[in-house]
1. Filter the trypsin sites (Lys or Arg not before Pro) in region 23-82 to those in DSSP coil with at most 10 other Cβ atoms within 10 Å of their Cβ, and list the result.
2. Quick check for you: with a 1.4 Å probe and neighbouring chains kept, what is the accessible area per residue of the chain, in Å²?
3. Return the carbon/sulfur percentage of the accessible area of region 117-195, one whole number, probe 1.4 Å, all protein chains in place.
4. Could you tell me what percent of the DSSP beta bridges with both partners in region 75-232 are antiparallel, to the nearest 5?
5. For helix 153-163, what angle does its Cα long axis make with the longest principal axis of the chain, in degrees from 0 to 90 and rounded to 10?
6. Beyond 32 Å between alpha-carbons counts as too far, so tell me which of Lys26/Lys160; Lys158/Lys190; Lys71/Lys99 fall in that bin.
7. With just the Cα atoms of region 131-232, tell me how far they stretch along each of the three principal axes, in Å, largest first.
8. Can you work out ³J(HN,Hα) from phi for every residue in region 174-182, in order, using Karplus 6.51 cos²θ - 1.76 cosθ + 1.60 and θ = phi - 60°, giving whole Hz and x for Gly and Pro?
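The values are calculated or read from the model by the stated rules, or taken from the named source; none is laboratory data. Please read all numbers here as calculations on a predicted model, not as lab measurements. As a convention, Cβ positions derive from the backbone with ideal geometry for all residues, glycine included, and neighbour counts pool all protein chains shown. The area values use the complete protein model at the heavy-atom level, side chains included, leaving out ligands, DNA and RNA. Shrake-Rupley method; radii C 1.70, N 1.55, O 1.52, S 1.80 Å.
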Amino acid sequence: MNNTFSDNNQIGMVSTFPELVHTDFKGEMNALCWYRNLDGDFNEITAKLSLKENITEVHSEDLLALQLSEKGNIARKIILNDLQLLTDFGASPSLNLLKCYERDDEFDFISTDVYSFHVDRSPIATDTFLCTYHGAASDIISNSQAEQKILIPEIRAKLKKLHDGAEEEFEGFLKENYFDLHYQANEDAKPINLGLGHLWRLAVDHPKQQVLPCIHRAPIENEGEYRLLLIC
């Protein structure tokens, strides 16, 4: 077991899929990790898939159409099984071949793209699941090591100037534009990389949530390398 994960109060460790989906978040714990050392050649799958856009959704039939080595076939079976487990659970998993996400460079003082530390929000009780099979992996950070960007005085002042409307409408403006979902890491913060092959469940901001939502970010991709990512 990886000590970086198991010694962290933010992360709960499980060893089966049923534990992953049925363990309750509590206290500081808002991330659950089904820790796995996966066999199989995920690089082979990534190399044989076709990128049509910067983010291309890969369907089961796309995977099944690939001619693979024995190791590649093992990797394919793992991915198909993960997709099936999540679908049977009632989630809507998506397998993405990813070159890069769209960047938000509209404002120089705040970013709202997924490379910025952020939380996910949902109107219904749900969680975010993700697993990186190949390429750079996402990071999470403890809620105590980051500050909501809209509470940082100089950023808030610029947002108020940008809003240029009635004071009582300002909070709604922040939500409508997703500014309130983004966080700035403290100088001494220690982000935790989620690694390859582990299936994660992250707490989302929704009305029935008992814990703080998990702050996370997409990684800067490695040069010349695509990511293969399951997410829902």
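1. The qualifying sites are Lys52.
2. 54 Å²
3. Here it works out to 48 percent.
4. Roughly 95 percent of the beta bridges in region 75-232 run antiparallel, per DSSP.
5. For 153-163 against the chain, the angle is about 80 degrees.
6. Lys26/Lys160
7. 48, 35, 26 Å, listed from the longest principal axis down.
8. These are the phi-based 3J(HN,Hα) values: 4, 5, 4, 9, 6, 5, 6, 8, 9 Hz.
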